[in-house]
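Structure record follows, encoded as structure tokens.
The values are calculated or read from the model by the stated rules, or taken from the named source; none is laboratory data. Just so you know, these numbers come straight off a predicted model, no measurement behind them. Positions of Cβ are generated from backbone atoms using ideal geometry, with glycine treated the same way; all protein chains shown enter the neighbour counts. Side chains are part of the model used for accessible areas, which takes the heavy atoms of the whole protein and leaves out ligands, DNA and RNA. Shrake-Rupley method; radii C 1.70, N 1.55, O 1.52, S 1.80 Å.
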Amino acid sequence: MKRGIAVTVSLVLVAGLIFILGNAFGKDPHEVPFKLAGKPAPNFHIKRLDNDQVVSLSDYAGKPVVLNFWATWCGPCKYEHPVLDAVSKEYGDRVVFLGIVFEDTESNTKSFLRENGWNFPQLFDPKSTVAVDYGVSGVPETYFISRSGIIVKKYPAPFTDPEKFSTELEEILR
Amino acid sequence: MSAGVNSTLGYGLVLLGLACAAFAAITGIVTGMARKESALPWVRGGVYGFAASMIGSNLTMVYALLTHDFSVKYVAQVGSKSTPTIFSIVSLWSALEGSILFWGAIMGAYLFAFAFTYRKEHGRYMQLSLGVMAAIATFFAFLIAGPANPWTQIPFPPLDGPGPNPLLQNHPLMIIHPPMLYLGYVGMTIPFGIAAGALLRGELGDAWMVPLRKWTLVPWIFLSIGIILGGWWAYAVLGWGGYWAWDPVENASFMPWLTATAFMHSTMVLEKKKALKLWTVALALSSFVLTIVGTFMTRSGVFNSVHSFTQSDIGPTFLVFIAVLLVFCVLLLAFRGHMLVAETQLGTIMSREGSILLNNLVFACITFVVLIGTLFPIISEGLFNKKLTVGEPYFNEMALPFMLVMLFLMGVGPMLPWGVADSKTLRDTAIIPGSAGLVTVIICAAFGYRGFLPLATFGVCAFVTVVTLRELFLPAKQRVDAVKEGWGTAIFVSASRARRRFGGYVVHLGIVIIAVGVAASSSYKVHSTGTLKPGEQLKVGDYSVRFDGLDRGQEPHREWIGAKVSLVGPGAEEAIATPRMNFYERSTDPVGSPSVTGRWLRDVYVSLLAYDTVSGSASFNMWVFPLVSWIWYLGIVFLALGTLIALFPEPKKVAS
């Protein structure tokens, strides 16, 4: 009798443990809730790499904006490069695309851009202050900002498929 | 070699291994339960076949990695022509599929070594035990053949691959840390098989205890070294100035270590007093189950950990295995446990056996505290849909007091005799070590050291050291006095006559050293942070750190930016260091490489946080850590030395 109770209790505990562990499948444990979603996008004043002109987010008030943080030392950013290029060509007249270079050198970035070309303005963030304001945790990361200047969401990984990018974009165009 | 040959050969060997393991498992368990010992050579043959196939498949993979055969999916995933040869070999375990394949080879080697060592002994238990071990091997061979198959062929191989995970390429310690842990984890299969075999048979004779104890000690030392090396690696690479963060995967390796350590102590009670049989066997079973749970934690992607870089879909298969394993253990203990009854009653708590029982309870408490803390985030999310993290404060507050008690018991236990202690003798024995502990606390306090936990740790460590040294050298002293031997001979003779005892005490000294290193480096570290322009300096403790400018370089597999710094110590001695940030092609973040200028008494640790190439300035995180290097340099030496002494074979007794 005693043994029966012990076995039953043990098996219930085993079932509970397996249920708890199994329940965790399909959820990303690394996912940190993005606290800036729905909040006004922080303004910035940083220079463009091609003409040294200072650019602010407020210059684009009333237009949807896509901010892409990247670096030349980041392999996935390089794979993402042609995807961004293609999407910016398609949506460039309706959406503002801005690239922000993260923890990199001006000379490295300029030579990369000379070699690979770029379809939209690239800005330099020398002290990573903009990256800190936006809570960038790694590169590449892409932020989608609505017409009213609100951060709709961020995509914390490289885009490898233009269609996926377009789907995300449609949300801020609505 | 033409494309596809490696894949076909490697995968063919995996299938052969799977067949051999399944054959050995079925034959071993069925004939073992029927007590037909004549089938043993067949079981052994199956085990040998599994070992040879798995080792062969691994060697084929190493060949494919070295020859950059990108038609093999795994090579295309982790190989690269620019990766240095040593890291190409290391990439065997740098991603999920390869690491499970490597697991198979280690399991093969262990099973072969065990079956071969006892080929002429322990026939009555061997079939069942080998059968259980082969059943576990079957599961892993199935994983390699199916869900985690590294041998898939790519129809259009790429010209080059991305190379292994940058974190694994960033430090030479990564060459040995994972294999040590795997040797620890996989090795627990053997004591599990031994214990399960004994339970299935319903008896645990004295003779079968010897392999159980020895084959727990082997994975135990690998696990110990693996854990310490992991801490050392985190310290030397990650740049956050620590070596232990109670991360789920660190905890996953710590829990089986705790139960295996408890096991090692309870076996003494079993041998001397013929008690705690079932408890000891349960500890052997749980150590293995915890290694499997630990592997699940690393491999399933379910836990938030720095280590779970291998997101995978083997999780569900593993979970089914854990379920089967747990149910098997519960039923085994429930329906066979009564056959392993104690032959004597344990006496008072003030005895050697009493202190070991207490030691086992404390180990069990620490394991429970760590297990609950580790599982709590997913329990909370599963039951209450609430995302929570359990951080260091919980573990420190809950586990550290138990650890202090454990340390204290390491001194108390050896002072107590088996049976009943005479209180006067006990008082006499305790007076010198107790005074040493008190004096240590007073001296540390007089030198300005504060804090209950570190001072208590130093005091208890002094107490344990005196007890341990006395236990180590008293038999030698008696020989010096009685037989008039020299000290060297006396120590050698007394140690070789009681190898387990001597080795055990050397291990205790290793634990004391680690405890002192941990207490000193975590309680008395000095931290400083700041941004410097070239020529400027910053104080950290007694050291001045001058920034001499940025430097950069390129290696085949990475680019780096470094900060040249000069450290000037209290005695005006100077050292140069270059903390760096390494940039790997496939990494989304730079990988830091802090500089550690080590000295026996302290480490000066400088980590480059950020730099600005326009102004040439750099931001640093700096620490001075007292005694931290004792943990790895001395800790590993003492633990390994003690274990080797304990494992050293006794001379065979010749019947007269």
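Return the tail of the calculated pair distribution for segment B:52-125, meaning the percent of Cα-Cα pairs more than 18 Å apart. Tail fraction, whole percent: 45.
For segment B:332-343, putting each phi into the Karplus relation 6.51 cos²θ - 1.76 cosθ + 1.60 with θ = phi - 60° gives couplings of 4, 5, 6, 9, 10, x, 5, 7, 9, 8, 5, 8 Hz, in residue order, rounded to whole numbers and with x for Gly and Pro. About the centre of its Cα atoms, the protein assembly as shown shows a dipole size close to 3060 debye [charges on the beta carbon of Lys, Arg (+1) and Asp, Glu (-1) only; nearest 20 debye].
Shielding value for A:13-21 is 6, the average number of Cβ atoms from other chains within 10 Å of each residue's Cβ.
Each label point was placed 7 Å from the Cα along the Cα-to-Cβ direction; for A:Phe34 and A:Ile150 their separation is 1.5 nm. Between the residues A:Trp118, A:Thr129, A:Ala157, the greatest Cα displacement towards the positive end of the dipole of segment A:84-174, with unit charges on the Cβ of Lys, Arg, Asp and Glu, is found for A:Thr129.
Here the dipole of segment B:521-567 is about 120 debye; that uses its Cα centre as origin and unit charges on the Cβ of Lys and Arg (positive) and Asp and Glu (negative).
Along segment A:35-52 the Karplus relation, 6.51 cos²θ - 1.76 cosθ + 1.60 evaluated at θ = phi - 60°, assigns HN-Hα couplings of 6, 8, 4, x, 9, x, 6, x, 6, 8, 9, 9, 8, 7, 6, 7, 10, 6 Hz to successive residues, with x for each Gly and Pro. Loop-located trypsin sites (Lys or Arg not before Pro) across segment A:6-94 with a Cβ neighbour count of 15 or fewer within 10 Å are A:Lys27, A:Lys35, A:Arg94, with loop assigned by DSSP. In chain B, helices alone account for a calculated mean residue ellipticity at 222 nm of -21500 deg cm²/dmol, with every DSSP H run of four or more residues adding -39,500 (n - 2.57).
Seen against the Cα atoms of chain A and their longest principal axis, helix A:162-173 is set at about 80 degrees.
Peptides B:70-76, A:129-135 ordered by packing proxy, namely the average of other Cβ atoms within 10 Å per residue, highest first: B:70-76, A:129-135. Taking the centroid of alpha carbons for each part, segment B:360-382 and segment B:462-502 are 40 Å apart.
For segment B:41-96, carbon and sulfur atoms together expose 72% of the accessible surface, with a 1.4 angstrom probe and every protein chain in place. Across the options B:Met350, B:Ala252, B:Gly241, the greatest Cα extent toward the positive end of the charge dipole of the protein assembly as shown (unit charges at beta carbon of Lys, Arg, Asp, Glu) belongs to B:Met350.
Kirkwood analysis of the Cα pair distances in segment B:144-217 returns a hydrodynamic radius of 16.5 Å. Subtracting the Cα-Cα distance of B:Met339 and B:Lys477 from 0.36 nm times their residue separation leaves 45.3 nm of extension gain.
The Rg/Rh ratio of segment B:494-553, with Rg taken over Cα atoms and Rh as the Kirkwood radius over Cα pairs, comes to 1.38.
Each Lys and Arg Cβ is given +1 and each Asp and Glu Cβ -1; about its Cα centre, segment B:515-604 then shows a dipole of about 160 debye.
Taking Lys and Arg as +1 and Asp and Glu as -1, the other residues whose beta-carbon sits under 14 Å from that of B:Ser593 total 0.
Only Cα pairs under 8 Å and 6+ residues apart enter the sum, and on that basis the relative contact order of chain A stands at 29 percent. Take the Kirkwood radius over Cα pairs of segment B:428-515, plug it into Stokes-Einstein at 20 °C and 1.002 mPa s, and you get 150 µm²/s for translational diffusion. Between B:Ile443 and B:Phe376, the distance separating the two model label sites (each 7 Å from Cα on the Cα→Cβ line) works out to 3.9 nm.
For segment B:19-25, backbone phi angles converted through the Karplus equation (6.51, -1.76, 1.60; θ = phi - 60°) give residue-by-residue couplings of 4, 4, 5, 5, 4, 5, 5 Hz, Gly and Pro being listed as x. Using only the C-alpha atoms, the convex hull of chain A corresponds to 158 Å³ per residue. Annotation for B:Gln153 and A:Asp50: the two label points, set 7 Å from Cα along the Cα-Cβ direction, are 4.9 nm apart. Of the chymotrypsin sites (Phe, Trp or Tyr not before Pro) in segment B:427-472, the ones in a loop by DSSP (not H, G, I, E or B) with at most 13 other beta carbons within 10 Å are B:Phe447.
For the protein assembly as shown, dividing the convex hull volume of the Cα atoms by the residue count gives 197 Å³ per residue. Computed from the Kirkwood radius of its Cα pairs, the Stokes-Einstein diffusion coefficient for segment B:329-453 at 20 °C and 1.002 mPa s stands at 116 µm²/s. With the biggest extent put first, the Cα atoms of segment B:199-263 measure 51, 18, 15 Å across the principal axes. When the charge dipole of the protein assembly as shown is built from unit charges on Cβ atoms (+1 for Lys and Arg, -1 for Asp and Glu) and taken about the Cα centre, the candidate among A:Asn23, A:Val9, B:Ala618 whose Cα reaches farthest toward its positive end is A:Val9. Across segment B:513-590, counting alpha-carbon atoms alone, Rg and Dmax equal 16.0, 44 Å. So what's the gap between the Cα centers of segment B:109-132 and segment B:143-171, to the nearest angstrom? Segment B:109-132 and segment B:143-171 have Cα centres spaced 34 Å from each other. When only Cα pairs below 8 angstrom with a gap of at least 6 residues are kept, segment A:124-171 shows a relative contact order of 26 percent. All Cα-Cα separations within segment B:192-317 were binned at 5 Å from zero, giving a P(r) of 2, 10, 18, 18, 16, 13, 10, 7, 4, 1, 0, each value a whole percent of the pairs.
Where does chain B land on Rg/Rh, using Cα atoms and the Kirkwood Rh? In chain B, Rg relative to Rh is 0.99.
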